[in-house]
Amino acid sequence: MVNEYKKILLLKGFELMDDYQFTTIKSLLACDLGLTTKMQEEYNRIKISDLMEKKFQGVACLDKLIELAKDMPSLKNLVNNLRKEKSKVAKKMKTQEKAPMKKINEEKVGLVAPAPTARNTLMSEARERIPVAQKRKTLNKEKTEAKRNKVSQEQSKPPGPSGASTSAAMDHPPLPQTSSSTPSNTSFTQDQETQAQRQVDARRNVPQKDPVTVMVLKATAPFKYESQENGKSTMFHATVASKTQYFHVKVFDINLKEKFVRKKVITISDYSECKGVMEIKEASSVSDFNQNFEVPNRIIEMANKTLKISQLYKQASGTMVFGLFMLQKKSVHKKNTIYEIQDNTGSMDVVGSGKWHNIKCEKGDKLRLFCFQLRTVDRKLKLVCGSHSFIKVIKAKKNKEGPMNVN
């Protein structure tokens, strides 16, 4: 029955999507499934459904697709259909589970019930005529007699070997006992999942050997950040796009800045990738690509698109956010600054600390955020800066930029 959910996932989910919708879903699944850029380009609907069945077992694989597709307006009808099909399978499974249980119970009753005899019939008729109080008295008397017989039998048995249990003395091996320190099946499964997730994360940190050719769409100016390994270091952000998808990029090798020029086509290899963010370090290779290379407009539009604030509230805590937002209010505190951003769907607080504490901006300016993370602070979802975060200020008057420039 597990395959029923995969059947819906593939035949009534992926197969009914157009190429653009399926490519979008693959991009969103890249981190969970550990997909490299090459895998995203080459894996078809069948291979992705196979990976999802292994990663999200049972109904979870279908739930994952519904979760990702529900925020895509073009897939609204498809999501509704998937939910209906999921409900049908759940009812079918429930019905099939009840049938064998009913049969087993009937068989047990048949085994326990004694064959009707003349003596049994007379005894049952006699019991029915006995008052309830007398029945209880008789039952208690029977229990007491049974206990006495058991004690006398145990006293008459020869003592077993020193330290041996009763079951061992009777030539029966003792049943295995589960101590409180032994993990249950549930915790064991959770440990396996945690270990598997760590293995996936470890694979993501391994440089990807397969090169990817991309066009540079934008890049920030270099900025200082705190590194646990090297103390203060310099990096910059960029956005690039291949023919099938786009990437937000963290470039930790400042010597590569001249490569990241708008509309320049480059080939990147030996990079790391996680949560849709590519990381380029000193071990990475970036070279010029001197051939004709065009990125579809729809990919460029996706790369430049900013999620609505109402959609941000639907994202999971820990999600990395990049985008351009209007500043509504700025509140400076001792340790941080709260920048309230707003659009036509709502508002959200951006928490700036360290380098991003009390930057020069005012109501009406636009803030382009790089690498901010959704976090729940004081029971409210907010965008919080980290060591790799960056803010570019676009002034409202004459569209002049603030002190932080972007190339």
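Counting residues in segment 317-369 as N, plug N into 2.2 N^0.38 Å and put the Cα Rg over that result.
That works out to 1.09 for segment 317-369.
Sort out for me the Cα centre separation of segment 254-294 from segment 306-361, rounded to whole Å.
29 Å
So which of Lys6/Lys86; Lys330/Lys360; Lys7/Lys86; Lys76/Lys314; Lys218/Lys395; Lys76/Lys218 end up more than 21 Å apart, counting from Cα to Cα?
Lys76/Lys218
Trypsin sites (Lys or Arg not before Pro), restricted to segment 302-339: which are DSSP loop and have at most 13 other Cβ atoms within 10 Å?
Details: sites: Lys305, Lys308, Lys314, Lys329, Lys330, Lys334, Lys335; in loops: Lys305, Lys308, Lys314, Lys334, Lys335.
In loop regions of segment 302-339 (DSSP not H, G, I, E or B), the sparsely surrounded trypsin sites (Lys or Arg not before Pro) are Lys305, Lys314, Lys334, Lys335.
Taking square-rooted eigenvalues a ≥ b ≥ c of the alpha carbon gyration tensor, is segment 228-309 rounded, prolate or oblate, where a/c under 1.5 means rounded and, failing that, a/b exceeding b/c means prolate? Each step should come with its number before you reach the end.
Details: a/c = 2.10, a/b = 1.29, b/c = 1.64.
Note, shape of segment 228-309 comes out oblate.
Please go through the residue pairs Lys70/Lys380; Lys92/Lys308; Lys26/Lys224 and name each one whose alpha carbons sit more than 31 Å apart in this structure.
Values: Lys70/Lys380 23 Å; Lys92/Lys308 39 Å; Lys26/Lys224 34 Å.
Over 31 Å Cα-Cα: Lys92/Lys308; Lys26/Lys224.
Rounded, prolate or oblate for segment 303-398? Axes are the square roots of the Cα gyration tensor eigenvalues, ordered a ≥ b ≥ c, and the cut-off for rounded is a/c under 1.5.
Rounded.
How far, in nm, would the chain grow between Lys395 and Lys7 when pulled straight, counting 0.36 nm per residue and subtracting the alpha carbon separation?
Full extension from Lys395 to Lys7 adds 134.5 nm.
Per the Kirkwood formula on distinct C-alpha pairs, the Rh of segment 1-94 is how many angstrom? Could the numbers behind the result be given before it?
Numbers: mean 1/r = 0.0753 Å⁻¹.
Answer for segment 1-94: a Kirkwood hydrodynamic radius of 13.3 Å.
Rounded, prolate or oblate: which fits segment 248-353, taking a ≥ b ≥ c as square roots of the Cα gyration tensor eigenvalues, rounded meaning a/c under 1.5, else prolate when a/b beats b/c?
Values: a/c = 2.44, a/b = 1.75, b/c = 1.40.
The shape class here is prolate.
Sorted by accessible area with a 1.4 angstrom probe, largest first, how do Met320, Met72 fall?
Values: Met320 65, Met72 25 Å².
Sorted by accessible area, descending: Met320, Met72.
The values are calculated or read from the model by the stated rules, or taken from the named source; none is laboratory data. Predicted model, so just to flag it, every value in this text is computed and none were measured. All Cβ positions, glycine included, derive from the backbone under ideal geometry; neighbour counts span all protein chains shown. All accessible areas refer to the heavy atoms of the entire protein, side chains included, with ligands and DNA or RNA removed. Shrake-Rupley method; radii C 1.70, N 1.55, O 1.52, S 1.80 Å.
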